[in-house]
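Asker: Take a look at the following structure, please.
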Amino acid sequence: MTDVEIRNEPKDSDWVRITSTDGFSYLVRRKVANVSGTMRNMLDTTSNYAEAVTKTCPAVNRHSRGIIAEKLVEYMCFKAHYETVGPKEDIPVSDYMERVPPEIVLELLLAADYQEM
Amino acid sequence: MYSDAEPSGRRVPTLVQLCQRVAGVNVDCINSLGDELRYDLVKPILERCSTDQLLRLEHASPHLQKDTPEIWRDLCFRKYPSEVERHAVEAVQEPESWKDHYFMLKEAEAKRIEEVGSRLRSQRMEAEERKKEREVKLTDRVPEPKRQRSGGWGGNLQPKTLFQKTRTEASKLQKTIYNSRIIPPMPGARNYRVLPERPSAALPPVPSNQTSRVTVNTVVHRRPLLVSTPSPTTLSSLSRPTPPPLSTSSSSHSLSPPMTSPIASRPPSTISFQSKSPLLPSSASSTVLHESRPFKSPKPMKKDPMSSLFVPKHRAHSQRPV
C-alpha cells in the first residue's frame with residue numbers, strides 16, 4: 001500500500017512492512033517478521049504472493065486494529081531477540097505479559113492464532 | 001504450535017500461549033469470548049473459570065456449549081470429591097448433562113446443610129428453654145405453707161388439752177436439754193473414770209500405752225497413821241538402818257505434799273514415816289517417803305464433772321493427742 005524497497009534477493013536484514021487496517025504500519029526486519037509462520041509464507045519470494053513482491057503484509061486477514069499489530073510486532077521482536085540468547089539468561093516472559101493489556105488479549109489471541117505465532 | 005526455530009536450550013512461549021495465560025489470569029474481566037474464538041483456543045481460559053463465569057461465557061458464546069461438558073465434569077469432581085469415588089467405583093452411567101448434574105449436586109448439598117442447621121437450631125432452642133425454666137423467676141404467689149410436723153397423719157382423734165400439750169412439750173425439752181450425754185464404753189477406748197474415787201478404793205488401772213513422762217507405779221497406799229500405838233522399841237530397831245539413806249534421799253527430793261502421792265510399796269514405809277518424824281522434825285509433815293526413782297505427779301483422781309460434757313463420743317472426734 002505504501003512504498004517499498006525492492007530487493008532482488010531477500011535478506012534477513014531486509015525491512016518489511018506490516019500494516020493494519022486503520023492505517024498503521026510497522027517496519028521490521030525480515031528476520032523478525034519470520035517469527036510468524038504466516039508472514040513468513042506470505043513474504044516468501046519463491047511464492048508469487050503479492051505481499052512477497054511488495055513486502056508488505058497485513059497483520060490480520062480481516063480487521064485488525066493498529067494496537068493489535070503493534071502487540072504482534074512487539075512479540076515478534078521479543079521472541080526474535082530471546083531466541084538467540086544463551087541458556088543462562090532468564091527470559092522475562094512476565095515482562096511481556098505485563099505489557100499486554102487484558103482488554104485486547106482476546107483479539108490478540110485471535111490474531112496470534114491466525115499468524116501462527 | 002510455535003515456530004520451528006527452537007532457541008538454543010530455551011523455549012519462548014508462543015503468543016497464543018501467552019495470551020491464554022493473560023486471559024486466564026483476568027478471567028473475571030472477560031465478559032464474552034465472542035464468536036470467532038475456537039474452543040480449543042479458549043479451553044485453558046475456561047478451565048480456570050468458576051461456575052458463574054463459565055455460565056456467563058457459555059451464555060455469551062453459545063457455540064462453545066457443545067464442548068463444555070468436560071469442563072462441567074471437572075467442576076463437579078473438583079467441588080464434590082465424593083462424586084469422583086462414586087463414578088470410579090460404581091461405574092455409574094455418565095449423566096446426560098454434566099452441567100445439570102453439577103447443579104443437582106449443589107442443591108442437594110444446600111439442602112443437607114439446611115437440615116443440619118435447622119436441627120442444630122432447634123437443639124439450641126431446647127437447651128435454652130430448659131435453662132430458662134431453671135432460672136429464678138419473679139412471681140406474686142406466696143410459697144406453700146410448710147407441712148405440719150408429721151401431725152395428723154392418722155388423724156388426731158381428739159384435740160389435745162392444754163395440759164397434755166404442756167406435758168408433751170416438757171418431755172421433749174427434757175430429752176434435749178437435760179440429758180447429759182452418756183458415753184458408752186467403746187471397745188478399745190480408754191477407760192476414764194470421771195467420778196471421784198473413794199479413798200479405800202483401788203487406784204484406777206493405768207493404761208499401758210501411756211508414753212508420757214509420768215511413770216506411775218501402782219502402789220498400795222495406806223494412809224500413814226500418826227498414832228503412836230506400835231511400840232517404838234521394836235520399830236526403831238527395824239528402822240534404824242534405814243533412816244540415814246532415806247533422809248538424804250528425802251531431803252534431796254522436795255515434793256508438794258499431797259497425801260495421795262504414790263509412795264514406795266513397802267509396808268514398813270508407813271512405819272518408817274512415822275519413825276522419821278522424830279528424826280527429821282522439820283520436814284516431817286512435808287516429806288513423803290518414796291523410792292529413789294524419779295517420777296512425776298500422776299493424773300489427779302478427782303475430776304471436774306463438767307469436763308465430761310466435752311468429751312467426744314467417738315475417739316475419732318477427740319482432739320486429744322494420741
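Asker: State which residue is farthest from the other protein chains (Cβ to nearest Cβ) when the search covers only segment A:65-114 and only residues that are surrounded by fewer than 18 Cβ atoms within 10 Å (Cβ to Cβ) and among the acidic types (Asp, Glu).
Answerer: Among them, the one singled out is A:GLU70.
Asker: Another question, if that's okay. For A:MET117, indicate whether it is surrounded by 12 or more Cβ atoms within 10 Å (Cβ to Cβ), within 7 Å of another protein chain (Cβ to nearest Cβ) and either more than 14 Å from B:ASN26 (Cα to Cα) or in contact with a strand residue (DSSP E or B) (Cβ under 6 Å, 6 or more places away or on another chain) (or both). Spell out the reasoning first.
Answerer: On the way: surrounded by 12 or more Cβ atoms within 10 Å (Cβ to Cβ): yes; within 7 Å of another protein chain (Cβ to nearest Cβ): yes; either more than 14 Å from B:ASN26 (Cα to Cα) or in contact with a strand residue (DSSP E or B) (Cβ under 6 Å, 6 or more places away or on another chain) (or both): yes.
Answer is yes for this residue.
Asker: Filter the helices (runs of 4 or more DSSP H) completely within segment B:47-118 down to those with at least 2 residues that are closer than 30 Å to B:CYS29 by Cβ.
Answerer: Details: elements: B:51-60, B:69-79, B:81-90.
Hits in segment B:47-118: B:51-60, B:69-79.
Asker: Take the residues in segment B:32-63 that are polar (S, T, N, Q) and more than 10 Å from chain A (Cβ to nearest Cβ); name whichever of them is farthest from A:CYS77 (Cα to Cα). Reasoning before the result, please.
Answerer: To start, the set of residues in segment B:32-63 that are polar (S, T, N, Q) comprises B:32, B:50-51, B:53, B:61.
Okay, now just the ones that are also more than 10 Å from chain A (Cβ to nearest Cβ), so B:50-51, B:53, B:61.
Values: B:SER50: 35, B:THR51: 38, B:GLN53: 34, B:SER61: 33 Å.
In this case the residue turns out to be B:THR51.
Taken together, the values in this text are just the output of simple stated rules run on the coordinates, not laboratory data. What you are looking at is a predicted structure, and each value in this text was computed from that prediction instead of being measured. Glycine gets a Cβ as well: all are built from the backbone with ideal geometry, and neighbour counts include every protein chain shown.
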